[in-house]
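What follows is a set of notes on a single structure, which appears directly below.
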Amino acid sequence: MHTDTAVAAAGEGVARAQRELEELVRIPSISASPAHERDVDASARAVADLMRDAGLDDVRELRVGGRHPYVVGEWTHRTDAPTVLLYAHHDVQPAGYVERWSSDPFEPVERDGRLFGRGTADDKAGAVAHVAAVRAWLDTAGELPCNVKVLVEGEEEIGSPGLSAFLTAHAEALRSDVLLLADAGNWSVGTPGLTYSLRGLAGVDVRVRALDGPVHSGMAGGAVPDPVLALAGLLATLVDEHGDAAFDGCWDDYVAPDADERARITALPEHVDGLRRAWRVRDGVELAGDPSIPVFERLWLRPAVTVIGIDGHPIAGSSNQIVAEAAARVSVRVGRGQDPARLNAALRRHLERRVPLGLQLTVDELDEVPAWHTEPTGWAFDAATRALRAGFGVDPVCMGVGGSIPFVGPFAEAFGGIPALLLGPADPGSRIHGEDESLHLGDWHKLIVSEVLLLAELAGSS
């Protein structure tokens, strides 16, 4: 009876939850930008207020080493039930080219059943979903079916650089039996996903310099090397003709899927045309990667190289000159089994061996997050399957995600390999990290209901 009333309360509370989400989206909590440090702090305070209002105890902001704030709270009044840690993050990516958005990225707009704005799907919707599920239980039953700890991070979008120190400092306070994370995504609109695999993250900043200052391209062109062309040539050596990673050592420790997992992946409908539409791939542009490898294996498991930033001279204001230097930020999605520190060292050696014409080369290593994988079996996954089936009306799809969530592996390992259940509000059309990021509101409402049900399922299954 309590479960039914909590589910009903969650349904009745969706308008309130949407208003709370919209208020959070209006805060430009861009963790990568020092100019937005106060906004990240404001976002943390707003999340803390929501958690207190929902009825959580001991809500507080925690920092380690002056980094962006985590927000934590709990309800731990049961001696006969497991403890579930609910995770999300409140920081967001930069807006990018604001003029390419259909509306202000930090002024949420609802269109055609979707809520548009930076952070709507990644991952402020996850934070509000946790709050809404807790509120639905406490407002109706006056208690939760299991113990709950809630942690909403403030630096996930920059690779969680303070995570190790944070877990070391607060491990006992966060000790839990299950991790329930709301930062993944659904298989498609209307079909939930249960994520069991994530790629990791590595990368470097590479800079080549030829001059102490720019020179006239007519007076010196043909004799002075062009750093931009030199950099372009270096970057081109990082991939093969298919766009697969090809720098020295990039496959050395990759663990390919076994026959059972490959069969599971191959059995999934690829929906390549739907993926192309969701990614807005232009007609005639081929997908990257070895075409003999299933597309989801390429997306979920194998390493991939991307240039996510490049500097030379902007076209606007350019003149006939050879610039003194050029730089790029190279991001590597780390495949299963791979050591991200080894990959960064391999990247450095590869570039050092190929820099042309004696140009000065500097390489600064960046992220080092390993891939994560678990078998989607056991009591917690069974509970999640039942809850998602009831919340969405269809069975979830066990799936991988090509992105990285640094929190998952270290937290699960810190408590002896506890089950990690990765759900989320995004879908292939959400365009997270891109322009016009959006949240499918109908599926988000189903996610909240599913989480209400999942807390009861976990309590009864442990």
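The values are calculated or read from the model by the stated rules, or taken from the named source; none is laboratory data. Only a predicted model underlies this, so the values are computations on that prediction, with no experimental measurement involved. Every residue, glycine as well, gets a Cβ built from its backbone with ideal geometry; the counts of neighbours run over all protein chains shown. Ligands, DNA and RNA are stripped out before the accessible areas are found, and what is left, the full protein with its side chains, is counted by its heavy atoms. Shrake-Rupley method; radii C 1.70, N 1.55, O 1.52, S 1.80 Å.
Details
- Taking first residues from the range 155-173 that are closer than 20 Å to VAL40 by Cα and partners that are of a type in the set (Lys, Arg), the Cβ contacts under 9 Å between residues at least 6 apart in sequence or on separate chains come to GLU155/ARG67; PRO161/ARG67; GLY162/ARG63; GLY162/ARG67; ALA165/ARG67; PHE166/ARG63; PHE166/ARG67.
- Some residue of the range 338-347 being in a helix (DSSP H, G or I), surrounded by 14 or more Cβ atoms within 10 Å (Cβ to Cβ), charged (D, E, K, R) and in contact with a Pro (Cβ under 8 Å, 6 or more places away or on another chain): no
- Criterion applied to ALA223, ALA230 was being surrounded by 20 or more Cβ atoms within 10 Å (Cβ to Cβ), over 16 Å from the mean Cα position of the chain (by Cα) and more than 22 Å from TYR70 (Cα to Cα), and the one residue passing it is ALA230.
- If you go through the range 375-384 and keep only what is crowded, with 18+ Cβ neighbours inside 10 Å and at pLDDT 95 or above, you end up with ALA380, PHE381, ALA383, ALA384.
- Conditions (1) touching a residue at least 40 places away in the same chain (Cβ under 8 Å); (2) outside any loop (DSSP other than H, G, I, E, B); (3) within 30 Å of LEU238 (Cα to Cα); (4) open to solvent by 10 Å² or more (accessible area, probe 1.4 Å); number of the one not met by HIS350: (4)
- Criterion (small (Gly, Ala, Ser), within 18 Å of GLY337 (Cβ to Cβ) and open to solvent by 30 Å² or more (accessible area, probe 1.4 Å)) met by exactly one of ALA263, ALA288, ALA259: ALA259
- Scanning the range 353-393 for residues that are among the β-branched types (Val, Ile, Thr), out of contact with any Phe, Trp or Tyr (no Cβ under 8 Å at 6 or more places or on another chain) and either in a strand (DSSP E or B) or within 23 Å of ASN186 (Cα to Cα) (or both) turns up THR362, VAL363, VAL369, THR377, THR385.
- The set of residues in the range 233-256 being touching a Pro at 6+ places or on another chain (Cβ under 9 Å) and either open to solvent by 50 Å² or more (accessible area, probe 1.4 Å) or over 25 Å from LEU343 (Cα atoms) (or both) consists of HIS242, TRP251.
- Any hit, the range 394-403, residues being within 21 Å of the chain's Cα centre (by Cα) and in a helix (DSSP H, G or I): no
- Checking the stated criteria, ASP41 turns out not to satisfy the condition of being over 21 Å from the mean Cα position of the chain (by Cα) and on the phi < 0 side of the Ramachandran plot.
- Look at the range 202-214: where a residue is more than 13 Å from LEU351 (Cα to Cα) and a partner is basic (Lys, Arg), sitting 6+ places away or on another chain with Cβ atoms under 9 Å, you get ALA202/ARG333; ALA202/ARG342.
- Of PHE407, PHE415, PHE411, all but one fail to be hydrophobic (A, V, I, L, M, F, W, C), surrounded by fewer than 19 Cβ atoms within 10 Å (Cβ to Cβ) and either modelled with pLDDT under 95 or at negative phi (or both); the exception is PHE415.
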